[in-house]
Amino acid sequence: MSRMKQITARLGAHRVGALIGTSTSSIGRTEEAYTRLDASGRMTVPYCQPDVHHMHSPGTFVVEATGIAGPAMTISTACSSGAKVFAAAARWIRHGLVDAVLVGGVDSLCFSTLYGFRSLQLVSSEPCRPFDRRRDGISIGEAAGFAVLMRGDLAPGAEHAFLGSGESSDAYHMSHPHPEGKGAVLAMKKALERSSLSGDDIDYVNLHGTASKANDLIETLALAQCVGRATLASSTKGWTGHTLGAAGMLEAIIVLESIRTGLVPGTLNCEQPEDSLHFPILSENTERLVRRAMTNSFGFGGNNATLVFGARGG
Amino acid sequence: MAEFDITGVGVWSSHFPDWAAFCRGLNSGVWSYGADLDPDVIPARERRRAPASVKMAVEVMDQACRMAEMDPENVASVFASAMGDMKITDSMCRTLAVHPELVSPTQFHNSVHNAPLGYWSIAMGSHAPATAVAAHHFSASIAMLEAAVQCFEESAPVLLVVQEGDAPLALEGSCKSDHPLAVGLLFTPAGTTSKCMARVGFTVKPNEIAWPSLPAGLADSYSGNPSGKMLALLAVLAQHSSPETGSSPHGVLEFPLGQHTSLNLEIRSAEPGRTP
C-alpha cells in the first residue's frame, strides 16, 4: 500500500490504472446473503452492500484503497483471469493510456466453486497430483496477489521485465480442453512471438497443470510443440491447489521468484509421472539460472493465456 | 488521436430485436415487444445448454458481423456485463442455500463471466482471443475503451458486446435493471474497410462528468441497466442510417470511466458528405 502511494504520487493518480482478475469475486458473501433473505426475497440489512455483490467488487475496493484514478477494470475469464490482466495492462501502457497498472488476481473459497467443481466430478479426494498417473482431479485453493507493471523507462531499478503474452480460445467445449491442445499451442506460440523469443530461449515453464485427467496430458502435448527439451517444466498446484482466477497471478509471481532466485520448483505430489506424457515434467526442486520463464493459465470456455517474463537487461 | 471504425451493429432487447427495429423505433416512437431469441448459429448440442444470457450475446455478435460482412473466425472479442448472468447467480445461490449437492454441472460452467464468449467461439470455430470484463456501473465505458485499445494496438477487428439482464429481486441493490439489453459493435482498424458506419476518435480525460442522456422513450426502461449507456452511442449512429434524416453521424460523447476519468469519443462519418 505504501508502495502504491509512492507510485501514484510520483506518476500522478490519473496515470495509474487497475486491472483485477477474479472468477468469483465476492460471491461468497452473496451466497451467504441468500441464506438470509427476507420474506419478500430481498437481502437483509447486513448484506445490503451494493459495492460487494457484483463482479468488480475487489476492483472497487482496490481503487478506493489506493486512490488510483486511471481506468480500472475487472477481467473475469475463469482460470485465465489472473494472467490476462498482465496482457491487458501491457497494452494499456503501450497505448499511453497510463504509465503503470496495479494488476491483481484474487479468488476466495466459496460454495459455488466447491460444489460446482464437485458436480463436474473434477475434484480429487486427496491433495492433487499434477502429471501423476494416479491423478484424479484438482484441489481448489484461494489466493490473492498483486504486481505493478510500469513503463520501462520509468522503472530503472526493476529486476523483471514482462516480455510478452499470447491469448487464444479453444473453440471446443465449455469445460473440457481441446483434445490436441490447439488453443494452448496458439497461446504459447503467440507469447513467444510477441517476446521475440524461440521455445529454446525459455528456461522454465510453470504449467497450468491442474491434475485433472484431461488437462495435464493435453498440456504436455501442446508444450512439446512449443519449447525445447532443455526447458524445465513443472506445476506448482500440488502446493497451492488451483486458485482459479488468482492462479495466473500467483504463478506469475512464482515464475518471477524463480528468475530472481535461480530455484525452479518441482511438481509436488508427482511421484509416478504418467507414462504417456509428451514432455518431461520436473519432479524435484532444481537450481538453474532462469533468465526467461513462461506461465500457462487455461480457463473454462476454452480461454487461454500464456505470459513470458525475463530478468531485466537479459 | 487514436481512431477505429464502427462497421457493424447488433442489438437485442424486448423493445427491439435488431438494428433496423431500433432505428424505426427511434423515428416512430413505437417499439416491438416480446421478441423471440433463439440464434441458430449456436449448434443444437450447445444451444440446448445455453442460457438466455448466452443467446442474447451471440445474437448481437452475429448481427454485427453479418452487417459488416466480417467472418468472425479471426476476430477477437470483448464481453462486458456488470453483474454477469443474474438468473444463474440467483438460481445457484438458492440451490447452495438449501441443497448445495444439487448444483448442476451445466449451470456451473455456464456461470463463468466469459460463458457467452465460450459458446460464441465454439459456434464460430474461432480461436481468436476473448476477454470478459466488468466495472459495475462503468462496465459499458471501460469495455468500449478496452475494445478500442485492442483494435488500435493490435491493428485488428474487435467484436464488443455489452449486455445486462433484468435483475432478480435479491440482486437489485447492486443493479436495478428492469429490461434485458444486449448491444454488439464491430470495431475495425480505421480506414481498412469500406463498410464504415462511423469513424471514432477516442481519448481518456481526467475529469468528472455526467452520463450522456438516453433517447427519450427508452430512458425509463434502460437507465437502471448498466448496458443502457450504449443507447446514447447507438442514437448517434442511427442519425446516419436513417434515409429520412440524410445526415451523417457526428458528435462528441463522453462516458464516465470512474469517478475521476472519462472516455471521450469523437464520432464522424468516414467520408464527409458521403452516405454509403
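Of the numbered conditions (1) out of contact with any Gly (no Cβ under 7 Å at 6 or more places or on another chain); (2) crowded, with 20+ Cβ neighbours inside 10 Å; (3) within 11 Å of another protein chain (Cβ to nearest Cβ), A:S80 fails exactly one; give the number of that condition.
(1)
State whether the residues of the stretch B:34-42 include one that is within 14 Å of another protein chain (Cβ to nearest Cβ) and modelled with pLDDT under 95.
Within the stretch B:34-42, one or more residues are within 14 Å of another protein chain (Cβ to nearest Cβ) and modelled with pLDDT under 95.
Would you call A:Y47 aromatic (F, W, Y) and either more than 8 Å from every other protein chain (Cβ to nearest Cβ) or touching a strand residue (DSSP E or B) at 6+ places or on another chain (Cβ under 6 Å) (or both)? Walk me through it before giving the result.
Values: aromatic (F, W, Y): yes; either more than 8 Å from every other protein chain (Cβ to nearest Cβ) or touching a strand residue (DSSP E or B) at 6+ places or on another chain (Cβ under 6 Å) (or both): yes.
Yes.
Residues that are among the charged types (D, E, K, R): which helices (runs of 4 or more DSSP H) entirely in the stretch A:202-314 hold 2 or more of them? Working first, answer last.
Working: elements: A:213-224, A:237-240, A:247-261.
Output list reads A:213-224, A:247-261.
How many residues, within the stretch A:118-137, are within 14 Å of chain B (Cβ to nearest Cβ) and surrounded by 24 or more Cβ atoms within 10 Å (Cβ to Cβ)?
0
Under the condition of being within 7 Å of chain A (Cβ to nearest Cβ) and within 18 Å of A:M55 (Cα to Cα), which residue from the stretch B:91-102 is surrounded by the most Cβ atoms within 10 Å (Cβ to Cβ)?
So the residue we want is B:M92.
Somewhere in the stretch B:180-199, is a residue within 10 Å of chain A (Cβ to nearest Cβ) and either surrounded by fewer than 17 Cβ atoms within 10 Å (Cβ to Cβ) or among the β-branched types (V, I, T) (or both)?
No, there is no match, as no residue in the stretch B:180-199 is within 10 Å of chain A (Cβ to nearest Cβ) and either surrounded by fewer than 17 Cβ atoms within 10 Å (Cβ to Cβ) or among the β-branched types (V, I, T) (or both).
For B:G29, are the conditions met, namely being touching a residue at least 12 places away in the same chain (Cβ under 8 Å), surrounded by 22 or more Cβ atoms within 10 Å (Cβ to Cβ) and of a type outside the set (A, V, I, L, M)?
So B:G29 fails the test.
Of the numbered conditions (1) at the interface with chain B (Cβ under 7 Å from one of its Cβ atoms); (2) more than 21 Å from B:S77 (Cβ to Cβ); (3) free of Cβ contacts under 8 Å to residues at least 60 places away in the same chain, A:M55 satisfies every one except a single condition; which is it?
If we test A:M55 against (1) at the interface with chain B (Cβ under 7 Å from one of its Cβ atoms); (2) more than 21 Å from B:S77 (Cβ to Cβ); (3) free of Cβ contacts under 8 Å to residues at least 60 places away in the same chain, just (2) comes out false.
What helices (runs of 4 or more DSSP H) lie completely within the stretch B:1-106 and have 2 or more residues being within 14 Å of B:V183 (Cα to Cα)?
Hits in the stretch B:1-106: B:19-28, B:52-68.
Only residues in the stretch A:141-170 that are under 25 Å from A:V62 (Cα atoms) and within 14 Å of chain B (Cβ to nearest Cβ) count as the first member; pair them with residues that are among the basic types (K, R) and outside any strand (DSSP E or B), Cβ under 7 angstrom, at least 6 apart or cross-chain, and list the lot.
A:S165/A:R194
Quick one: which residue in B:P72, B:P105 is within 14 Å of chain A (Cβ to nearest Cβ), in contact with a Leu (Cβ under 9 Å, 6 or more places away or on another chain) and under 27 Å from A:I27 (Cβ atoms)?
B:P105
B:H260 - would you say it is more than 15 Å from B:A143 (Cα to Cα), part of a helix (DSSP H, G or I) and either at pLDDT 95 or above or not small (G, A, S) (or both)?
no
For the stretch B:83-90, state whether one or more residues are at the interface with another protein chain (Cβ under 8 Å from one of its Cβ atoms), buried (at least 23 other Cβ atoms within 10 Å of the Cβ) and on the phi > 0 side of the Ramachandran plot.
Looking through the stretch B:83-90, at least one residue is at the interface with another protein chain (Cβ under 8 Å from one of its Cβ atoms), buried (at least 23 other Cβ atoms within 10 Å of the Cβ) and on the phi > 0 side of the Ramachandran plot.
In the list A:A161, A:A90, A:A100, which residue meets the criterion of being under 21 Å from B:N114 (Cβ atoms) and either in contact with a Pro (Cβ under 7 Å, 6 or more places away or on another chain) or among the small types (G, A, S) (or both)?
Every option except A:A90 fails the conditions.
Taking only the stretch B:109-140 into account, find how many residues are part of a helix (DSSP H, G or I) and either closer than 17 Å to A:H173 by Cα or out of contact with any helix residue (DSSP H, G or I) (no Cβ under 7 Å at 6 or more places or on another chain) (or both).
13
So A:I7 ticks every box in (1) crowded, with 24+ Cβ neighbours inside 10 Å; (2) of a type in the set (A, V, I, L, M); (3) in a helix (DSSP H, G or I) but one. Which box is left unticked?
(1)
Here is a yes/no grid of residues against (1) in a loop (DSSP other than H, G, I, E, B); (2) at negative phi; (3) in contact (Cβ under 8 Å) with a residue 40 or more places away in the chain:
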{"residue": "B:A167", "(1), (2), (3)": "yes, yes, yes"}
{"residue": "B:G173", "(1), (2), (3)": "yes, yes, no"}
{"residue": "B:D178", "(1), (2), (3)": "yes, yes, yes"}
{"residue": "B:L185", "(1), (2), (3)": "no, yes, yes"}
{"residue": "B:T193", "(1), (2), (3)": "yes, yes, yes"}
{"residue": "B:C196", "(1), (2), (3)": "yes, yes, yes"}
{"residue": "B:F202", "(1), (2), (3)": "no, yes, yes"}
{"residue": "B:I209", "(1), (2), (3)": "yes, yes, yes"}
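The values are calculated or read from the model by the stated rules, or taken from the named source; none is laboratory data. Keep in mind that what you see is a predicted model, and the values were worked out from it rather than measured. Glycine gets a Cβ as well: all are built from the backbone with ideal geometry, and neighbour counts include every protein chain shown.
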